[in-house]
Amino acid sequence: MLDRFRFHQDEALYGYWSLHFLHEDPFFLRQWIDKPPLFIWLLAYHFQVFGVTEASARLLNIWISTLTIPVVAAISRQAWGVGAGFVTAAAFALNPLAISYSPTVFTDPLFVLGGVCSLYAAQRLHPFWSGLYLGVAIMTKQQGIFFAPLVLAILIASTLTAKPTAKVVTLGFLRFGGGLALIILPILYWDNLRWSVAPSPWDMGMRNYGALEVVALSQWPDRVTRIAQLLWYVTANNVVWILLGAALVLLVLYKRLAWFSFLKRNIVFEMLLCGWIGAYWGIHAVVNLPIWDRYFLLIAPAFAILTGGIGVRVLSASSTLWRRILITLWILLLLPSAVQAARGELPIGSDHGAYNGLREVFAWLDTHSPQGAVLYHQALSWHFQFYFYENRREYRIRWFANPVALADDATKMPQRAKFVIVPVWLPLRNRYPHLAARELELIQKHKGEQFIIYQIMLRNS
């Protein structure tokens, strides 16, 4: 997956933002961004070290996602022991949702890593580090703030379990606030330096996504269904879901007192985690937040941790031989969907072929088009910004809304060579009458896997 597919449009945009920050505009005064800048900065310096390629960009999130595995396992181990940590590590390492987002250039893997690091620090009663890592999550993506209720709840539960004094509690929360401020305040200061010229990423996010509001009651069932369909990809395997459900039922029936005892911190931890997942699902069901697969990546580590809690109970009731058999079966059950995700065969994560042939398009243009040619398109703005960033041919990139606008704009630059790049999944409808009225026509020059290049020429020329 390092170099198999071209960038999704958002990945191309983040890549361009990173290059723009690195070489032109470190305060984003001309190019306004709608995400907190932490991932953009990190990607920029990653480009500086490893070069500007799709593969190098994807390596960053592969490393981040891989680092997340031991952190998630450590959370489970802290709650239930070594066996739980192993079950959780397998569940997350072979998680189709996590695997699908690992070789991408989305911001989500970094904010998830920040969130789980914050959870682990809260669990271990290290409030300063918990606040610091929560700041990383929030300053990577606005959704990082969803980790805050869970982190604070776990920090409070861990603190109460230790039977602290009022002084210890106060110092703990001051340390948490100090860690949070250490990340957030410098970035807010950087943002404050731009406010007279450019809006804050938080403001831009609200502009682009709109104000939050509760959707109509009639839309709730459809949104719940769509969320459930996305969450299925946490295992992408019906057998695994059935077995987990059966294990859960058996544990409730045969270990009722242990399961529902709130005197043990690990049970409280489980209930907090389940409540947080339910609240996150419920908020997305009733509020007009976009229901996109990457918005549910943060559920993947929570699911893996909970399976560790279920798994350790099953393993504790088994002999040594059966423990080995069950762990082997667990890995074998998870493996097929993990392999599918690693091959890009699941419809989640980045692009899976819609932009194939884009490199060939750019190579053809560099070979066959003159300096300063006009390139018309309807769906490639962010791709052009990234892929042509270091191109010295000075193309003029023009977006057009419809064939009428294309014909009108093409007549204004009669001396320039003009090309139209058309994806096969967004064909140019009714192109000929409007162009013919201006004595223009489209001549196909190149056809690739997913793109066709036309040249706009005078009729009969």
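Applying the selection to region 11-36, what residues are acidic (Asp, Glu) and either at pLDDT 95 or above or crowded, with 19+ Cβ neighbours inside 10 Å (or both)?
The answer is Glu11, and nothing else.
Just to be sure I understand, how many residues within region 50-75 are closer than 17 Å to Tyr14 by Cα and either without any contact (Cβ under 8 Å) to a residue 40 or more places away in the chain or not charged (D, E, K, R) (or both)?
12
Which members of region 283-297 meet the condition of being surrounded by 20 or more Cβ atoms within 10 Å (Cβ to Cβ) and hydrophobic (A, V, I, L, M, F, W, C)?
Ala285, Phe296, Leu297
Would you check which residues across region 266-290 are within 11 Å of Arg223 (Cβ to Cβ) and in a helix (DSSP H, G or I) and list them?
Trp281, Gly282, Ile283, His284, Ala285, Val286
What single numbered condition from (1) exposed (fewer than 15 other Cβ atoms within 10 Å of the Cβ); (2) β-branched (Val, Ile, Thr); (3) modelled with pLDDT of 90 or more; (4) more than 30 Å from Pro336 (Cβ to Cβ) fails to hold for Thr165?
Only one criterion is unmet by Thr165, namely (3).
In region 291-340, what residues are free of Cβ contacts under 8 Å to residues at least 40 places away in the same chain, part of a helix (DSSP H, G or I) and not β-branched (Val, Ile, Thr)?
Those that are free of Cβ contacts under 8 Å to residues at least 40 places away in the same chain, part of a helix (DSSP H, G or I) and not β-branched (Val, Ile, Thr): Ala302, Leu306, Leu321, Trp322, Arg324, Leu326, Leu329, Leu332.
Considering only region 311-366, state which residues are modelled with pLDDT under 90 and polar (S, T, N, Q).
Scanning region 311-366 gives Ser316, Ser318, Ser319, Thr320.
Enumerate the pairs (first residue in region 151-163 and touching a residue at least 40 places away in the same chain (Cβ under 8 Å); second residue anywhere and aliphatic (A, V, I, L, M) and assigned to a helix (DSSP H, G or I)) with beta-carbon separation below 7 Å, excluding pairs fewer than 6 apart on the same chain, so at least 6 apart or on different chains.
Final answer for the pair search is Ala153/Leu272; Ile154/Leu119; Ile154/Ala122; Ile154/Leu272; Ala157/Val268; Ala157/Leu272; Ser158/Ala122.
A quick yes/no check of all residues on (1) touching a Pro at 6+ places or on another chain (Cβ under 9 Å); (2) under 30 Å from Val52 (Cα atoms):
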{"site": "Gly353", "(1), (2)": "no, yes"}
{"site": "Phe362", "(1), (2)": "no, yes"}
{"site": "Ser381", "(1), (2)": "no, yes"}
{"site": "Val404", "(1), (2)": "no, no"}
{"site": "Phe419", "(1), (2)": "no, yes"}
{"site": "Leu428", "(1), (2)": "yes, no"}
{"site": "Tyr432", "(1), (2)": "yes, no"}
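So if I check each of Ala55, Ala98, which one is surrounded by fewer than 19 Cβ atoms within 10 Å (Cβ to Cβ) and in a helix (DSSP H, G or I)?
Ala55
Go through region 114-135 residue by residue and tally those that are assigned to a helix (DSSP H, G or I), in contact (Cβ under 8 Å) with a residue 40 or more places away in the chain and over 10 Å from Gly179 (Cα atoms).
So the count comes out to 6.
Condition first: touching a residue at least 40 places away in the same chain (Cβ under 8 Å), touching a strand residue (DSSP E or B) at 6+ places or on another chain (Cβ under 6 Å), of a type in the set (Lys, Arg) and assigned by TED's automatic domain parsing to the domain that holds Ile453. Can you find one or more residues in region 378-400 that meet it?
no
Any idea how many residues of region 434-452 are part of a strand (DSSP E or B), of a type outside the set (A, V, I, L, M, F, W, C) and in contact with a Lys or Arg (Cβ under 9 Å, 6 or more places away or on another chain)?
Qualifying residue count, region 434-452: 1.
Take the residues of region 124-162 that are over 25 Å from the mean Cα position of the chain (by Cα) and among the hydroxyl-bearing types (Ser, Thr, Tyr): which is surrounded by the most Cβ atoms within 10 Å (Cβ to Cβ)?
Checked region 124-162; the qualifying residue surrounded by the most Cβ atoms within 10 Å (Cβ to Cβ) is Ser158.
The values are calculated or read from the model by the stated rules, or taken from the named source; none is laboratory data. What you see is a predicted model; the values in this text were computed from it and never measured. Cβ atoms come from the backbone with ideal geometry, glycine included; neighbour counts cover every protein chain shown.
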